[in-house]
1. How are the C-alpha pair distances of the stretch 105-248 spread across 5 Å bins, as whole percents from the shortest bin up?
2. What is the distance, in nm, between label points placed 7 Å from the Cα along the Cα-to-Cβ direction at Gln296 and at Ala180?
3. Which of Lys22/Lys181; Lys93/Lys255; Lys194/Lys263 have a Cα-Cα distance over 27 Å?
4. Using a 10 Å cut-off around each Cβ, can you sort His138, His230 from fewest to most neighbouring Cβ atoms?
5. What value does the stretch 168-282 have for Rg/Rh, both radii from Cα atoms and Rh as Kirkwood defines it?
6. May I have the extent of the alpha carbons of the stretch 23-183 along their three principal axes, as whole Å values ordered from largest to smallest?
7. Specify the residue with the greatest mean-square fluctuation among Arg70, Arg192, Arg248, computed from a Gaussian network of the chain linking alpha-carbon atoms under 10 Å apart.
8. How far apart, in nm, are two points set 7 Å out from the Cα along the Cα-to-Cβ line at Arg70 and at Glu117?
Amino acid sequence: MRYLLLFTAGFFVLCPRAVYAKVRVFACEPEWAALAEEIGGDQVSVFTATSARQDPHYIRAKPSLIAQIRKSDLVIGSGASLEVGWLPVLLRKAGNSRITPGNTGFFMTSEILPLLEKTGASDRSHGDVHPDGNPHVHLDPSNISLVADELVERFVLIDSENQAYFRNRHADFSRRWSAAKARWNDLVGSLRNKKVVVHHASFSYLENWLGLSRIATLEPKPGLPPTTTHLEYLLTILRKHPAAVILRTPYNPDKGSVWLSAKTGIPALELPYTVGGNEHCQDLFSLFDHTLELLQGMTDVK
Ligand SMILES: [Zn+2]
């Protein structure tokens, strides 16, 4: 129970009040920070561990992150090995029992979502950074809904005094998100079955939602940089079977997609990928709005 000391009618009284003690959220990626702010409003304080220009597979477990996670009430991330190179180190060094795996304060969103590309053949030893299935789960609006539904329960468990507040915020977000999903679903029919090439398997959930057809990946395996041999191989494939666009995130190197674009004439496109991925994407709504706008603006759609 948290208390606020109030001076009332000449007496100091202890009142249960969470106003001054917000739920401290450590969001591993910007998309989860944005969702935590949507549901938590001014009763949460959100720290975002990574930016849209950082590859969440490869983050240094630096002291500033340890300091933040040590005082957190809730850690939210994607899981499925996305943060395996850094989050366990932070958790170990933080020594914070509220956020250890298995507790309310540890929420890896992939644990409640149907994962794509889950082959069961874990071969991280060979460089595959998706041994548990694809962890880039946020670019399907239905996944955002499912995570929002769970996140509000976590907030209520952590700070029951603000239950009504969190539930109202969640209901309001869900109404707005459902309306946006209906609008997006009406817009996206023209993208169905369009062929795309991607740098890394970062857009699998977007592809699945929109019905895009991925015909090639610049990385020979998730996490292995494109090799000259692999790019030359893709060139022969794409000359015979052209794609509409070559996609990359803000944190993927552009060299491979720019080279392949120059050789094939297929446009290369950087999608924002997450909140903050470009100046248009300041929240989850504008992230999806702008992503669809960019995809629909693709030229020479095959
Ligand atoms: Zn990945």
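All of the numbers you see were taken from the coordinates with simple rules; none came from a lab. None of these values were measured; they are calculated from a predicted model. With ideal geometry, Cβ positions are generated from the backbone for all residues, glycine too; neighbour counts draw on all protein chains shown.
1. 2, 9, 14, 16, 16, 14, 11, 8, 6, 3, 1, 1, 0
2. Taking the simple label geometry, Gln296 and Ala180 are separated by 1.6 nm.
3. Among Lys22/Lys181; Lys93/Lys255; Lys194/Lys263, the Cα-Cα distance tops 27 Å for Lys22/Lys181; Lys93/Lys255.
4. His230, His138
5. 1.05
6. The Cα atoms of the stretch 23-183 stretch 47, 38, 29 Å along their principal axes.
7. Top of the fluctuation ranking is Arg192.
8. 3.6
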